[in-house]
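Enquirer: Provided herewith is a single structure, encoded as structure tokens, for subsequent inquiry.
The values are calculated or read from the model by the stated rules, or taken from the named source; none is laboratory data. Since the structure is predicted, the reported quantities are computational estimates derived from the model, not experimental observations. Cβ coordinates were reconstructed from backbone atoms using ideal geometry, including for glycine residues, and neighbour counts include every protein chain displayed.
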Amino acid sequence: MCSERTSADPVTTAASTALELDDIQSGMLHQRPASYVGTYLLLRIDNREAGRKLVQRLLPVIESARSSSDPTRNAWVSVAFTYQGLKALGVPQDSLDSFAPEFRQGMAARAAELGDVGDSSPENWEKPLGSPEAHVAVSVLSPDAARLESLAERARRAHEQLAGVEVIWHQDCYQLPTGRTSFGFKDGIGQPAVEGSGIPGSNPDERPIKAGEFILGYPDETGSVGPMPAPEILGRNGTYLVFRKLHTRVAAYRQYLHAKAASREQEALLGAKMVGRWQSGAPLALSPEQDDADLGADPGRNNRFGYTDDLRGFKCPAGAHARRANPRDALDHEMSVDVRLHRMLRLGTSYGPMLPEGVVEDDGADRGIIFVFAGAHPKRQFEFVKTQWLNDGIFIGAPAEKDPLAGANDGTGSFTIPQRPIRRRLQSLPPFVITRGGEYCFAPGLRALRWLAELDTQTG
């Protein structure tokens with residue numbers, strides 16, 4: 001334990017380790033507001049002292065996970081650092097060396113392994129994403145524009161007129177008027193409960209995931225405390241963030257469905273088979289034949305299901321996007337696979353304008369998803385899911401197939417839809433999602449942020 005402790009009583013659950021909510025950034029555990037607007041900033045630190053001053057100024061703006069449990073305060077600022085950012089702040093090398101290897105390498109260096117090739121390769125990324133210049137990531141999320149502007153102004157005062165710190169990139173985000181993603185599907189449904197957080201998950205039948213899967217310093221699903229950056233005050237109550245800007249080719253997606261289906265109804269069914277849900281959010285596992293808007297809108301039912309009664313995928317194909325990203329109980333018969341080791345906290349948002357309904361020609365606008373994942377084990381969480389489940393089909397018995405929506409498709413892939421009497425196989429899947437850039441970040445706890453702000457006195 002760190003020598004510095006909070007005086008507040010810890011939140012506990014039965015047979016769990018106390019989760020120090022007072023020391024965890026609010027945005028790491030709380031899902032985005034149901035309706036949201038926000039902005040993301042990347043900053044470069046050119047002067048070490050200015051960088052520490054920035055952290056000091058940001059501290060009063062960042063709330064803890066305990067304070068943000070108040071529903072009237074569901075707007076927040078979060079801050080995280082890349083490896084190069086911690087280095088720019090003057091974090092000692094032995095401490096830098098204690099971070100996860102993928103964090104130290106950076107996402108651009110791991111692009112080929114992640115399937116970020118072709119149009120998604122780093123040479124095509126939006127500058128300065130993935131470059132050594134990206135040091136500090138700041139996100140501001142709010143349920144309305146007024147509170148967003150208030151928080152954003154406080155965050156701006158932290159870095160404006162601070163010589164030695166420069167804003168080098170920003171991206172606004174907002175929930176689309178439909179409340180869905182740019183592809184037209186309800187989003188933000190599946191979220192696990194973190195043990196000790198007091199925040200319920202979206203599937204009442206799923207046991208809370210051990211806190212150590214998401215927050216450093218606690219036992220995880222293996223029963224042990226995973227590796228944590230040193231010193232303990234820096235690592236404890238922090239988490240790794242995966243940040244990716246993903247451009248969605250909505251027109252190409254609509255064109256593909258139109259070419260493969262004979263009617264609007266068949267297009268909707270084909271889209272649902274590829275995603276694993278209808279556009280309303282209703283899962284195929286519960287409503288395999290037609291959309292059910294009431295089911296999709298019901299948070300008590302729309303994520304309460306499994307796949308054990310559909311192992312062959314007649315309701316929801318095993319290769320569908322949602323089933324690949326979270327196979328639930330479909331792999332319970334696989335002794336070597338524990339799905340709970342690969343769960344993710346999804347904190348992402350949409351950006352860019354909608355492509356109007358019915359339009360099938362690309363209008364040239366940039367639209368898509370800012371994908372943000374929080375977890376303590378980026379390699380066996382994000383990287384495992386991306387490489388083994390989304391970009392490969394070995395685990396479902398189809399090694400040549402990738403995720404039809406988010407996989408690293410190149411126009412030669414296929415997608416199998418089990419049906420009687422003869423299965424259907426879609427061919428020549430083009431890429432529908434293009435990586436525009438990304439980075440691995442580390443979001444420290446609040447004590448760690450104070451430690452970073454005072455680093456000059458602590459390291460001599």
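Enquirer: Please verify whether the range 148-165 includes one or more residues that are closer than 26 Å to L355 by Cβ and part of a helix (DSSP H, G or I). Break it down into steps so the answer makes sense when it comes.
Expert: Within the range 148-165, the first condition is being closer than 26 Å to L355 by Cβ, and the residues that meet it are 148.
Adding the requirement that they be part of a helix (DSSP H, G or I) leaves 148.
Yes: one or more hits.
Enquirer: OK, next. So is G196 touching a strand residue (DSSP E or B) at 6+ places or on another chain (Cβ under 9 Å) and part of a loop (DSSP other than H, G, I, E, B) or not? Explain how you work it out, then say what you get.
Expert: Numbers: touching a strand residue (DSSP E or B) at 6+ places or on another chain (Cβ under 9 Å): yes; part of a loop (DSSP other than H, G, I, E, B): yes.
Spelling it out, G196 is indeed touching a strand residue (DSSP E or B) at 6+ places or on another chain (Cβ under 9 Å) and part of a loop (DSSP other than H, G, I, E, B).
Enquirer: Tell me, which strands (runs of 3 or more DSSP E) lie completely within the range 390-460 with 1 or more residues that are more than 20 Å from the chain's Cα centre (by Cα)? Before the answer, list the steps.
Expert: Numbers: elements: 413-417, 424-429, 433-443.
Answer list for the range 390-460: 413-417, 424-429.
Enquirer: On the given criteria, is K186 surrounded by 18 or more Cβ atoms within 10 Å (Cβ to Cβ), of a type in the set (K, R), modelled with pLDDT of 95 or more and within 20 Å of the chain's Cα centre (by Cα)? Before the answer, list the steps.
Expert: On the way: surrounded by 18 or more Cβ atoms within 10 Å (Cβ to Cβ): yes; of a type in the set (K, R): yes; modelled with pLDDT of 95 or more: no; within 20 Å of the chain's Cα centre (by Cα): yes.
No: the conditions fail for K186.
Enquirer: Exactly one of these conditions fails for N409: (1) within 22 Å of H30 (Cα to Cα); (2) buried (at least 21 other Cβ atoms within 10 Å of the Cβ). Give me its number.
Expert: All conditions pass for N409, except number (1).
Enquirer: Considering each residue of the range 1-54, count those that are modelled with pLDDT of 50 or more and either out of contact with any Cys (no Cβ under 6 Å at 6 or more places or on another chain) or surrounded by fewer than 20 Cβ atoms within 10 Å (Cβ to Cβ) (or both), and give that number. Working first, answer last.
Expert: Within the range 1-54, the subset modelled with pLDDT of 50 or more is 17-54.
In the following step, the residues that additionally are either out of contact with any Cys (no Cβ under 6 Å at 6 or more places or on another chain) or surrounded by fewer than 20 Cβ atoms within 10 Å (Cβ to Cβ) (or both) were identified as 17-37, 39-54.
So the answer is 37.
Enquirer: Residue by residue through the range 339-387, note down the ones that are touching a Pro at 6+ places or on another chain (Cβ under 9 Å), basic (K, R) and either buried (at least 22 other Cβ atoms within 10 Å of the Cβ) or not in a loop (DSSP other than H, G, I, E, B) (or both).
Expert: If the condition is that a residue be touching a Pro at 6+ places or on another chain (Cβ under 9 Å), basic (K, R) and either buried (at least 22 other Cβ atoms within 10 Å of the Cβ) or not in a loop (DSSP other than H, G, I, E, B) (or both), then R340, R343, K379 are the ones that fit.
Enquirer: A further question on this structure: Could you grab me the full set of residues in the range 307-351 that are of a type in the set (S, T, N, Q) and closer than 19 Å to R180 by Cα? Walk me through it before giving the result.
Expert: Step one: filter the range 307-351 for residues of a type in the set (S, T, N, Q), giving 308, 326, 336, 349-350.
Answer for the range 307-351, where residues must be of a type in the set (S, T, N, Q) and closer than 19 Å to R180 by Cα: T349, S350.
Enquirer: Within the group V77, V91, which residue is modelled with pLDDT of 95 or more and surrounded by 19 or more Cβ atoms within 10 Å (Cβ to Cβ)? If you could, list the steps in order and put the result at the bottom.
Expert: Working: V77 fails: modelled with pLDDT of 95 or more.
Selected residue: V91, the only one of V77, V91 that is modelled with pLDDT of 95 or more and surrounded by 19 or more Cβ atoms within 10 Å (Cβ to Cβ).
Enquirer: Can you name the number of the only condition in (1) in contact with a helix residue (DSSP H, G or I) (Cβ under 8 Å, 6 or more places away or on another chain); (2) hydrophobic (A, V, I, L, M, F, W, C); (3) touching a residue at least 12 places away in the same chain (Cβ under 8 Å); (4) surrounded by fewer than 17 Cβ atoms within 10 Å (Cβ to Cβ) that A400 fails?
Expert: (1)
Enquirer: When residues of the range 315-333 are filtered for being over 26 Å from the mean Cα position of the chain (by Cα) and more than 19 Å from L405 (Cα to Cα), how many remain?
Expert: So the count comes out to 1.
Enquirer: Next question, about the same structure. Which condition from (1) among the aromatic types (F, W, Y); (2) surrounded by fewer than 22 Cβ atoms within 10 Å (Cβ to Cβ); (3) farther than 19 Å from R340 by Cβ is the one that F243 breaks?
Expert: (2)
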